[in-house]
Amino acid sequence: MRTREATYADYGFKEGEDRQLKQYCLDLELPDKLLLLQCAHECNPMIEDDLFYSISKGVAFQILARKGIDQNYKCHSDVYGYKRKTLALFKSALQACGRYPF
């Protein structure tokens, strides 16, 4: 399955779990910020900064485009697919550290 087609359910998220994780990402401490950045890099190094900013600030990619931020991706479905994958990697990393669920 292509990254753009994968849903949160495909990554093992339960109903509403993605919203909880996104909310958690809005107020991260430094160690978790670094972990999220590492997950964004692992997901796609070309857009890791945009992924990190979007997730940690709760900003949609369309808003990033309006602000003139350089975007190195083909289309929004690709980006949202990478965002879902980054959150799945972040969830797995938090689980490995014993810090999930929060």
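The values are calculated or read from the model by the stated rules, or taken from the named source; none is laboratory data. The structure displayed is predicted, hence computed values, not measured ones. For neighbour counting, all protein chains shown are included, and Cβ atoms are generated from backbone atoms with ideal geometry for every residue, glycine included. What goes into the accessible areas is simple: the full protein's heavy atoms, side chains included, and nothing from ligands, DNA or RNA. Shrake-Rupley method; radii C 1.70, N 1.55, O 1.52, S 1.80 Å.
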Could you grab the relative contact order for the chain? Cα pairs under 8 Å, six or more apart, rounded to a whole percent.
39 percent
Give me P(r) over the chain, computed from all C-alpha to C-alpha distances, binned every 5 Å, as integer percentages.
2, 13, 26, 27, 20, 9, 3, 0
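Just the number, please: carbon plus sulfur as a percent of the accessible area of the chain, 1.4 Å probe, no ligands or DNA/RNA counted.
50 percent
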Label points 7 Å out from Cα along the Cβ direction at Q38 and A6: separation in nm?
1.9 nm
Regression test value, accessible area per residue of the chain, probe 1.4 Å, units Å², expected 61 Å²
Counting only pairs 8 or more residues apart or on different chains, how many lysine pairs in the chain have their Cα atoms under 25 Å apart?
28
